[in-house]
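A short worksheet on the structure shown next.
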Amino acid sequence: MASIFQEYSRPDALHRPLKIRKIEPRDCFAALAEGFDDVLVMPTYPAFVGLFYGLAGITLVSLSSFANALQLAFPLAAGFALVGPFVAVGLYEMSRRRDLGRTATWRDAFAVMRSPALPSILALGLVLLAIFVAWIEAAQLLYVHIYDPRPPVAAIPFFLDVLTSGRGWLLIVLGGSIGFCFAAIALCISIVSFPLMLDRNVGLVPAVAASLRVSRENPVAVALWGLLVALALVVGSLPLFVGLAVVMPVLGHSTWRFYRRAIERDPWVARPIEEGRSARDSAERVDGPTEPSSRVAHRRPRAA
């Protein structure tokens, strides 16, 4: 187990250096447009994922209502988006295949299960889950100490009191500020991490480091991207979360498009999961490790 963790977390796991691009606010809108186009071209599996998000949101609200935890309905719905980048990994693979000029179907989304980077993907997913749990705990503590130690009895009186009382607005402001901090952390460590691990089979540490670099070198674009994601989630959540059936697939595909604009493509690793593995495995069995064609073409012949 220790050797596996070392393999997928070592700082030098990124064998070929990344080239971070300077992106502008217009790239965020372009990524959204391209993600929407992906949804139109590949509608089957995105619709399934969107329906899953919508039903999950409604379920969260229902469970919180019946469990005398109505005060956590909004934190649960908002915090659920923190783990969205992990759940949308299958959509990244579909967009990647379309990028390569291949036809993508809903079955291709499950090719992630064969990815060599799956341990790293799962590890970062657990990190986002931990952030989600911390956010829910913080929301509960804030409610108990600022608003009322007792859970609300009914939804409508509770929401009306929150919107019309001083303690309610204090809860909204402090809760929003704390939630913003959690969301900013999750955004900075995951904005390109999952697509990068899927695309280049890198470890957890270099993938997160690349996301932090993108956030540091493109603060305006990353902040705008986070704002657009938040606005889209709010709009999708208004009609009882049903709008998430459209919003979440678009955001999933758009995240891949944002990654493509933020990090320069490496043609040597640009291939589908199973094709990339089979090609490398075959070459290594016959001739040893493969090399980029440019290196082979420029290799000097040996002296006789």
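Table for the structure above
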| quantity | calculated |
| --- | --- |
| Cα-only radius of gyration and Dmax that characterise the stretch 19-270, units Å | 18.7, 59 |
| Fewest-first sequence of Trp106, Trp135, Trp169 by Cβ atoms within 10 Å of each Cβ | Trp169, Trp106, Trp135 |
| Difference of contour (0.36 nm per residue) and Cα-Cα distance, Ile172 to Ala223 | 16.2 nm |
| Estimated inter-spin distance, Ala154 and Lys19, nm [label 7 Å along Cα→Cβ] | 6.4 nm |
| Spin-label model distance (nm) - Thr164 vs Met113, 7 Å beyond Cα toward Cβ | 5.2 nm |
| Share of pairwise Cα separations in the stretch 86-223, more than 22 Å, in percent | 54 percent |
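None of the figures in this text is laboratory data; all of them are computed from the coordinates on show. Note that the structure is predicted; figures quoted are calculated from it, not measured. Counting neighbours? That spans all protein chains shown, and the Cβs are built from the backbone with ideal geometry, glycine included.
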